[in-house]
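The values are calculated or read from the model by the stated rules, or taken from the named source; none is laboratory data. All values derive from a computational prediction rather than experimental measurement. All Cβ positions, glycine included, derive from the backbone under ideal geometry; neighbour counts span all protein chains shown.
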Amino acid sequence: MPPRVVVTGIGLVTPLGCGRERVWSRLLAGECGTSRVESFDPEGYGVDQGGEVRDFDPARYFRTLDPTSVGRSTQLAIAATRQALDDAVLDLSLLDPRRVGVIMGTTSGEAREVEAFDDHLIDERSAPAPTEFVRRYPCNVIPELVATELGVTGPNLMVPAACAAGTYAIANALDGLRAGRADVMVAGGADCFSRITYAGFARLGAVAPMRCQPFDRERKGMIPAEGSGVLVLETFDSARRRGAPIYAEVAGYGLACDAHHMTAAHPQADGAVRAMSAALDESGLGADRIGYISAHGTGTPTNDRIEAMAVRRIFNGRSRTVPISSIKSMIGHTMGAASAIEAAVCCLAIAENRVPPTAHFEQPDPECDLDCVPNEAREVEVGAAMNNSYAFGGYNASMVFRRAES
Amino acid sequence: MSARDDGKRVVITGMGAITPLGDDPSRLHDALCEGRSALQPLSALGEDSLPPTLGCELLWFEARNYLTEGNLRPLDRTAQLCAAAAGLALEASGWDAERIAAHEVGVVLGTMFGSMRTISEFDRRAVVDGPSYAKPMHFANTVINAAAGQTAIWHGLTGINATISGGTVSGLQAIGYAADLIRQGRAQALLAGGAEELCFETVFGFHHAGLLSGSRNGDAARPTPLDSRRNGFALGEAAALLMLEDAESAERRGATILAEISGHGAGYDLSRGADPSLGERAVVDALAGALDESGLEPGDVDAAVLSANGSIAGDLAEARGVGSLWNGAAPRLPVTAPKSMLGESLGAGGALQLVILLEAMRAGRLPGVHGLEDLDPEMPSLFASAESRAVAVDRGLVISNGLDGKSCALIAEARS
């Protein structure tokens with residue numbers, strides 16, 4: 001039997017602030033962290049709302065590296081990682097550095113670095129010569145610089161799986177721990193706010209003009225955002241031995257590709273159904289045991305409709321009663337960080353038996369006939385939770401977390 | 001834990017490669033053994049803001065010759081390279097459309113930049129002309145996993161689809177990642193490897209970083225791996241994918257088995273190239289990990305295909321890592337460095353090295369290190385020469401040593 005793997009630390013950097021306690025309490029309160037974009041002038045994009053991390057001081061979290069020597073996505077990732085390790089009460093100096101791994105996901109990596117590079121190409125007087133570009137931009141720098149900051153040389157992987165990247169990273173960390181490749185894994189996702197991403201989603205007509213309203217009949221789209229979510233994972237035995245707090249156990253996951261369209265979901269949600277079904281199979285839980293679903297829930301008309309279809313296909317009659325919410329209604333879509341932040345939400349929901357709401361919900365959509373926990377957090381016996389995430393490229397990723405019974 | 005003690009075994013049943021020296025692995029191997037280098041002044045960049053630069057361009061590639069039916073417009077250069085190599089690997093391993101439709105075949109692609117040109121052009125268009133001129137279809141290709149996703153759509157591959165970015169070790173790391181998924185029973189058949197386009201933007205970036213053979217003072221015409229006069233590398237363009245399968249199901253369907261992947265390992269240099277001793281240590285960790293998983297000793301390995309590309313620090317760390325682990329026996333381990341003739345194709349490099357190793361295993365001949373005249377005296381003595389040589393290879397090693405601290409190694413064994 002492979003060892004059981006549990007989550008013992010959570011780090012969050014989001015448009016609703018930094019730190020597990022602050023972000024979680026604001027999510028439960030239904031607060032909204034999106035507003036008019038400030039990191040560049042949104043004039044000309046046709047929309048202007050974004051989820052930016054404000055008042056962020058990376059120096060608070062850096063102990064080894066110079067924060068100005070790394071890109072913003074790495075800054076966000078290092079901040080979330082340091083929080084997660086503190087949260088796990090984990091003293092790295094007691095561990096063999098070769099047995100600590102760092103697995104990260106992203107959509108666009110260090111997008112600000114390529115934007116500066118492009119500025120130089122457009123007008124060489126407007127931005128310096130890109131002497132550091134090939135060292136700062138490629139997205140592998142994110143887990144590598146986290147590892148250098150921590151001083152750990154275990155498994156190191158960047159899996160850029162777009163908006164499902166956080167789940168891919170946690171999945172790889174799970175497999176690595178089970179295979180005995182490491183004793184502790186730091187896993188999550190990070191993306192900085194990017195004009196490239198903003199222009200792209202704006203041109204797809206996918207950005208909501210004012211607010212993100214998942215599952216609402218009048219929903220008008222997603223709101224691009226930035227952030228990082230990082231989990232500390234270790235074996236159940238290791239956590240018990242050192243008396244660490246355990247949020248939840250990672251019970252299983254499923255990955256499937258639609259092979260249908262780069263940006264549109266499969267019309268019958270086939271890939272999403274296969275991913276959910278594989279995650280349930282591995283976890284050994286029936287759909288009836290799932291007490292909460294963290295939806296991908298971007299708030300675009302198509303995503304939410306197809307996701308509801310997938311939930312109906314898996315949960316049958318229970319699809320109207322199992323609580324399912326989208327925190328993207330409050331923090332926007334943090335891209336490669338989203339599914340890692342939502343994984344943390346699943347863990348917290350299991351640990352506290354409280355689930356965050358879907359904010360801005362006004363009118364039910366008959367095509368999304370789900371219990372989306374409208375506007376008010378809820379106390380509910382969760383037990384096990386499913387995290388769904390979908391991404392460009394036809395990616396479907398689902399992961400199941402459960403209470404870690406001894 | 002030895003990979004052989006748990007889980008399933010992983011075999012390679014076919015490969016597809018699009019390289020500056022053609023698309024046929026066996027003829028590629030012949031060309032390399034004859035010392036035919038693809039290195040020449042870069043012609044296709046169409047920009048005058050760079051000094052004359054050498055590289056290994058894919059000038060002959062026409063996507064339509066490989067991707068014969070369907071709309072090519074949504075696929076940019078990186079996606080076309082990946083999808084074309086995937087088609088070759090599917091065909092070589094006997095996965096026809098009918099078999100693909102009945103199974104879940106996945107794709108694990110290694111790439112350093114993804115679609116560098118698409119990303120930069122999309123952004124510049126939006127900045128110069130305004131966001132409303134940016135093309136939505138191009139946006140889909142700006143995500144780093146775009147080529148893997150496009151390849152799945154083109155060939156109807158519904159299994160696990162993933163991209164791995166590990167700088168220049170991406171290709172080999174992707175193969176290791178895929179092998180692990182098969183061992184754990186999460187996948188039965190995965191195309192794994194790497195793809196990287198050669199475009200003005202990457203040349204410009206590497207030039208300004210001072211990493212190309214022509215970026216600094218010295219001999220710009222000698223991006224020769226392991227040579228004492230090397231002065232940086234030359235970029236290349238390529239895609240290489242291998243079909244990895246669970247051994248049992250491959251045998252059951254009567255597939256031709258080229259080799260088994262018996263182990264892989266990785267290391268990381270915390271100093272990211274600043275401290276040569278840590279760079280060497282990362283290579284040693286990767287090699288030791290791969291040997292340990294395979295249950296082999298250094299003396300069991302018949303040949304190694306190195307990632308040495310002419311980089312001053314990278315080549316030295318790689319050579320010293322081998323010297324350290326082989327502990328005086330390195331002069332008996334035949335090594336080669338195909339980037340001497342194919343350039344540094346970044347995310348594709350490690351996968352291309354594995355293709356070359358498998359061909360060396362088949363042909364019993366290891367290509368030479370093109371242009372090598374004077375092995376760097378700072379390096380331990382290595383069994384490397386400019387000429388190809390006959391070597392019986394049953395157990396081969398591929399090493400991928402990155403620019404910024406990441407190292408990977410993988411062992412492939414002939415099935416007895």
_Among residues of region B:123-146, those that are more than 16 Å from A:GLY109 (Cα to Cα) and of a type outside the set (Lys, Arg), counted_ = 12
*Could you check, for region B:55-64, whether at least one of its residues is loosely packed, with under 13 Cβ neighbours inside 10 Å and of a type in the set (Lys, Arg)?*
yes
*Pull up region B:257-279, narrow it to residues that are of a type in the set (Asp, Glu) and surrounded by fewer than 24 Cβ atoms within 10 Å (Cβ to Cβ), then point me to the one that is modelled with the lowest pLDDT.*
B:ASP275
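Answer yes or no as to whether A:LEU90 is of a type in the set (A, V, I, L, M, F, W, C) and in a loop (DSSP other than H, G, I, E, B). Before the answer, list the steps.
Numbers: of a type in the set (A, V, I, L, M, F, W, C): yes; in a loop (DSSP other than H, G, I, E, B): yes.
Judged against the criteria, A:LEU90 is a match.
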*Please specify each residue of region B:196-244 satisfying the condition of being within 14 Å of another protein chain (Cβ to nearest Cβ) and small (Gly, Ala, Ser).*
B:GLY205, B:ALA209, B:GLY210, B:SER215, B:GLY232
*Please tell me if B:LEU75 is at pLDDT below 95 and either part of a loop (DSSP other than H, G, I, E, B) or touching a strand residue (DSSP E or B) at 6+ places or on another chain (Cβ under 8 Å) (or both).*
no
*Specify which of the listed residues (B:ARG253, B:ARG272) is within 30 Å of B:GLU91 (Cα to Cα) and basic (Lys, Arg).*
B:ARG253
_Conditions (1) within 11 Å of another protein chain (Cβ to nearest Cβ); (2) over 30 Å from A:ARG240 (Cβ atoms); number of the one not met by A:ILE103_ = (2)
*Go over the candidates B:MET116, B:MET137 one by one and state the one that is in contact (Cβ under 8 Å) with a residue 60 or more places away in the chain, over 17 Å from the mean Cα position of the chain (by Cα), more than 8 Å from chain A (Cβ to nearest Cβ) and surrounded by 24 or more Cβ atoms within 10 Å (Cβ to Cβ).*
B:MET116
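Please enumerate the residues belonging to region B:370-388 that are touching a strand residue (DSSP E or B) at 6+ places or on another chain (Cβ under 8 Å) and surrounded by 16 or more Cβ atoms within 10 Å (Cβ to Cβ).
From region B:370-388, those touching a strand residue (DSSP E or B) at 6+ places or on another chain (Cβ under 8 Å) are B:371-376, B:381-384, B:388; that's our starting set.
Within region B:370-388, B:GLY371, B:LEU372, B:LEU375, B:ASP376, B:LEU382, B:PHE383, B:ALA384, B:SER388 qualify.
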*Identify all residues within region B:258-277 that are of a type in the set (A, V, I, L, M, F, W, C), touching a Leu at 6+ places or on another chain (Cβ under 7 Å) and more than 9 Å from every other protein chain (Cβ to nearest Cβ); write none if there are none.*
B:LEU258, B:ALA259, B:ILE261
*If a residue has to be at the interface with chain B (Cβ under 7 Å from one of its Cβ atoms), on the phi < 0 side of the Ramachandran plot, in contact with a Leu (Cβ under 9 Å, 6 or more places away or on another chain) and not hydrophobic (A, V, I, L, M, F, W, C) to count, how many in region A:145-161 make the cut?*
2
*Any residue at all in region B:229-238 that is in contact with a Leu (Cβ under 8 Å, 6 or more places away or on another chain), at negative phi, surrounded by fewer than 24 Cβ atoms within 10 Å (Cβ to Cβ) and not in a loop (DSSP other than H, G, I, E, B)?*
no
*Within region B:307-350, track down each residue that is in a helix (DSSP H, G or I), more than 22 Å from B:ARG281 (Cβ to Cβ) and in contact with a helix residue (DSSP H, G or I) (Cβ under 6 Å, 6 or more places away or on another chain).*
B:MET341, B:GLY347, B:ALA348
*From the list A:ASP87, A:ASP48, A:ASP91, A:ASP66, which one is modelled with pLDDT under 95 and either farther than 30 Å from B:ARG125 by Cα or within 14 Å of chain B (Cβ to nearest Cβ) (or both)?*
A:ASP91
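A quick yes/no check of all residues on (1) among the β-branched types (Val, Ile, Thr); (2) away from chain B (no Cβ under 13 Å); (3) surrounded by 24 or more Cβ atoms within 10 Å (Cβ to Cβ):
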residue: A:ALA179; (1), (2), (3): no, no, no
residue: A:GLY189; (1), (2), (3): no, no, yes
residue: A:CYS192; (1), (2), (3): no, yes, yes
residue: A:ARG203; (1), (2), (3): no, no, no
residue: A:VAL207; (1), (2), (3): yes, no, yes
residue: A:PRO214; (1), (2), (3): no, yes, yes
_Tell me which helices (runs of 4 or more DSSP H) are completely within region A:251-340 and hold 1 or more residues being within 14 Å of chain B (Cβ to nearest Cβ), in contact with a Leu (Cβ under 9 Å, 6 or more places away or on another chain) and within 27 Å of A:SER73 (Cβ to Cβ), or say none if there are none._
A:270-283
*asked:* Please go through region A:133-144 and give me each residue that is touching a residue at least 12 places away in the same chain (Cβ under 8 Å) and within 8 Å of chain B (Cβ to nearest Cβ), ordered by number.
replied: A:PHE133, A:TYR137, A:PRO138, A:CYS139, A:ASN140, A:VAL141, A:GLU144
